[in-house]
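Participant: Structure provided below as structure tokens; questions to follow.
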Amino acid sequence: MTLYAAMRLPREILFGQGQRRALPSVALKHGKRALICTDERFAGTELFAEILQGLKAAAIDAVVYDRVLPDVPRDTVASCVEEVRSFLPDMVMGIGGGSCLDMAKCAALLLTHGGALPDYYGEFKVPGPILPVIAVPTTSGTGSEVTPVAVISDPDRTLKVGISSPHLIASCAICDPDLTLTCPAGLTAIAGADALTHAIEAFTAARRGNGHELAQRHVFVGKNAMSDHFALLAIRLLGRSLEKACRDGSDEAARADVMMGALAAGCAFGTAGTAAAHAVQYPAGALTHTAHGLGVATMLPYVMNYNRAVAAAEIAQIGAALGLDVTGRGTEEMADATIAEIGRLFAAIGITPTLASLGLPADKLDWTAEQALGIDRLIKNNPRTFDLAAMRRLLQAAYDGDLAASAV
């Protein structure tokens, strides 16, 4: 097989304890006027006050928009942009969870190119570079600090929508594990499970060929040599430390592993893409109003078992990265053990085990299957193909908690 790889990443990635203090120096590369997008909770912390003081000491004028909401409601982006347009920022900083980073990307997009967010829904709709974005995550999950995606909620649409373009990739990602030390156990679990799902779906994604036009026509190109490297790194780090970080939030080594795992998972799926677990979560999440990471993690063991027929070798490799003993185990046995380990890990950190316990109504399974199957960019990335009947069987298995039935 011809070796093929593609990768799109920020110009600069800084990782480690205390790296948040590099923000003024990084910002000065882009100018002296910054819009900061964050949420009300983080804006009231001593850490945020410290960050603002560092910017002030560097003579960087900052305007703070501290009303970022979960899932980035469409109209809040327009409101933010109107408030700060006359300020003429040189850059936009996203400081917070994934929604804060996505808000920063969207604000930079509209400040640069104008129009309304729906003008840019889909892939490759952003016409050119945007204002520099500096992404400073305070949770470990979405990987938005390194991905070409911003996800928003649109009141005119049932499902959340995405804007996908290499132009949305942050100029710099500053990842300081100290910023995650106060993240509650429940959020740590959901965000970390989201990151692990990103890594596993990227590693088991379909191979889409190696033609020179692939990465020019698709933001997400499927499994490839470089995304595999980052995916396995993420799986190894999250496998050894996610449970520890949920159990003891003050464990600095575990926090660092989990943040690096989320970062590496973002590097993997930001090019390879995700697949069926994410496709199901879009409609399921719309109906249940549950956190994205919780929904994709609920689906992951069932999707892995469905894909096992064509991806047993990759699933076995995932098990090895998780630290399972491979001695005397063949590929099939190892694949089984891997799926069982994912189920064990998720149960240990409190991930909901079924679609029923997630709150999905039984009479909405048909609609959920139809909607999931229609998300082509995700379904075509799944290693095993789907038709409507297969998707419906998968959802029934996940609703009932019948892992064996998901393989049919």
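Participant: Filter segment 52-82 down to the residues that are modelled with pLDDT under 95 and either among the polar types (S, T, N, Q) or surrounded by fewer than 15 Cβ atoms within 10 Å (Cβ to Cβ) (or both) and list them by number.
Facilitator: Pro70
Participant: Return the total of residues in segment 379-396 being part of a helix (DSSP H, G or I), under 21 Å from Ile200 (Cα atoms) and touching a Leu at 6+ places or on another chain (Cβ under 7 Å).
Facilitator: Of the residues in segment 379-396, 3 are part of a helix (DSSP H, G or I), under 21 Å from Ile200 (Cα atoms) and touching a Leu at 6+ places or on another chain (Cβ under 7 Å).
Participant: Specify which of the listed residues (Leu403, Leu378) is crowded, with 17+ Cβ neighbours inside 10 Å, of a type outside the set (Lys, Arg) and over 24 Å from the mean Cα position of the chain (by Cα).
Facilitator: So the residue among Leu403, Leu378 that is crowded, with 17+ Cβ neighbours inside 10 Å, of a type outside the set (Lys, Arg) and over 24 Å from the mean Cα position of the chain (by Cα) is Leu403.
Participant: Here is a further query. Open to solvent by 20 Å² or more (accessible area, probe 1.4 Å) and without any contact (Cβ under 8 Å) to a residue 40 or more places away in the chain: is that true of Gly186 in this structure?
Facilitator: no
Participant: Within segment 325-332, identify whether any single residue is under 30 Å from Val149 (Cα atoms) and not in a loop (DSSP other than H, G, I, E, B), and answer yes or no.
Facilitator: no
Participant: If you don't mind, there's one more thing I want to ask. Taking interchain pairs and intrachain pairs at least six residues apart, which have beta carbon atoms under 7 angstrom, with the first residue in segment 339-355 and at positive phi and the second small (Gly, Ala, Ser) and open to solvent by 20 Å² or more (accessible area, probe 1.4 Å)?
Facilitator: Partner pairs satisfying both residue conditions: Gly350/Gly186.
Participant: When residues of segment 31-51 are filtered for being open to solvent by 30 Å² or more (accessible area, probe 1.4 Å) and of a type in the set (Ser, Thr, Tyr), how many remain?
Facilitator: Total meeting the criteria: 1.
Participant: May I ask you to list the residues in segment 381-400 that are of a type in the set (S, T, N, Q) and free of Cβ contacts under 8 Å to residues at least 12 places away in the same chain?
Facilitator: Of everything in segment 381-400, just one residue is of a type in the set (S, T, N, Q) and free of Cβ contacts under 8 Å to residues at least 12 places away in the same chain, namely Thr385.
Participant: Considering only residues that are assigned to a loop (DSSP other than H, G, I, E, B) and buried (at least 24 other Cβ atoms within 10 Å of the Cβ), which ones fall in segment 194-223? Show your work before the answer.
Facilitator: Within segment 194-223, the subset assigned to a loop (DSSP other than H, G, I, E, B) is 204-206, 208-213, 218-221, 223.
Of everything in segment 194-223, those that are assigned to a loop (DSSP other than H, G, I, E, B) and buried (at least 24 other Cβ atoms within 10 Å of the Cβ) turn out to be Thr204, Ala205, Phe220, Val221, Lys223.
Participant: Given (1) in a helix (DSSP H, G or I); (2) under 25 Å from Pro137 (Cβ atoms); (3) in contact (Cβ under 8 Å) with a residue 40 or more places away in the chain; (4) open to solvent by less than 30 Å² (accessible area, probe 1.4 Å), identify the lone condition not met by Thr274.
Facilitator: Failed condition: (1).
To keep it simple, each residue is scored yes or no on (1) under 23 Å from the mean Cα position of the chain (by Cα); (2) surrounded by 18 or more Cβ atoms within 10 Å (Cβ to Cβ); (3) closer than 18 Å to Gly273 by Cβ.
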residue: Leu294; (1), (2), (3): yes, yes, no
residue: Pro301; (1), (2), (3): yes, yes, no
residue: Ile318; (1), (2), (3): yes, yes, yes
residue: Ala321; (1), (2), (3): yes, yes, no
residue: Thr327; (1), (2), (3): no, no, no
residue: Met334; (1), (2), (3): no, yes, no
residue: Glu341; (1), (2), (3): yes, no, no
residue: Arg344; (1), (2), (3): yes, no, no
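Participant: Still on this structure, I have one more. Yes or no: Ile174 touching a Lys or Arg at 6+ places or on another chain (Cβ under 7 Å), in contact (Cβ under 8 Å) with a residue 40 or more places away in the chain and either open to solvent by 10 Å² or more (accessible area, probe 1.4 Å) or more than 25 Å from Lys32 (Cβ to Cβ) (or both)?
Facilitator: Judged against the criteria, Ile174 is not a match.
Participant: Would you tally the residues in segment 93-145 being of a type in the set (Asp, Glu) and free of Cβ contacts under 8 Å to residues at least 60 places away in the same chain?
Facilitator: 2
Participant: Oh, and also: Looking at Ala311, Ala262 in this structure, which one is assigned to a helix (DSSP H, G or I), surrounded by fewer than 24 Cβ atoms within 10 Å (Cβ to Cβ), modelled with pLDDT of 95 or more and not basic (Lys, Arg)?
Facilitator: Ala311
Each row is one residue, and each column tells you yes or no for (1) out of contact with any strand residue (DSSP E or B) (no Cβ under 7 Å at 6 or more places or on another chain); (2) closer than 23 Å to Gly239 by Cα.
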site: Tyr121; (1), (2): no, no
site: Ile130; (1), (2): yes, no
site: Pro137; (1), (2): no, yes
site: Gly141; (1), (2): yes, yes
site: Thr158; (1), (2): yes, no
site: Ala173; (1), (2): no, no
site: Thr180; (1), (2): yes, yes
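The values are calculated or read from the model by the stated rules, or taken from the named source; none is laboratory data. Keep in mind it's a predicted model, so treat the numbers as computed, not measured. So basically every Cβ, Gly included, is an ideal-geometry build from the backbone, and we count neighbours across all protein chains shown. Areas reflect the complete protein model, heavy atoms only, side chains present, ligands, DNA and RNA absent. Shrake-Rupley method; radii C 1.70, N 1.55, O 1.52, S 1.80 Å.
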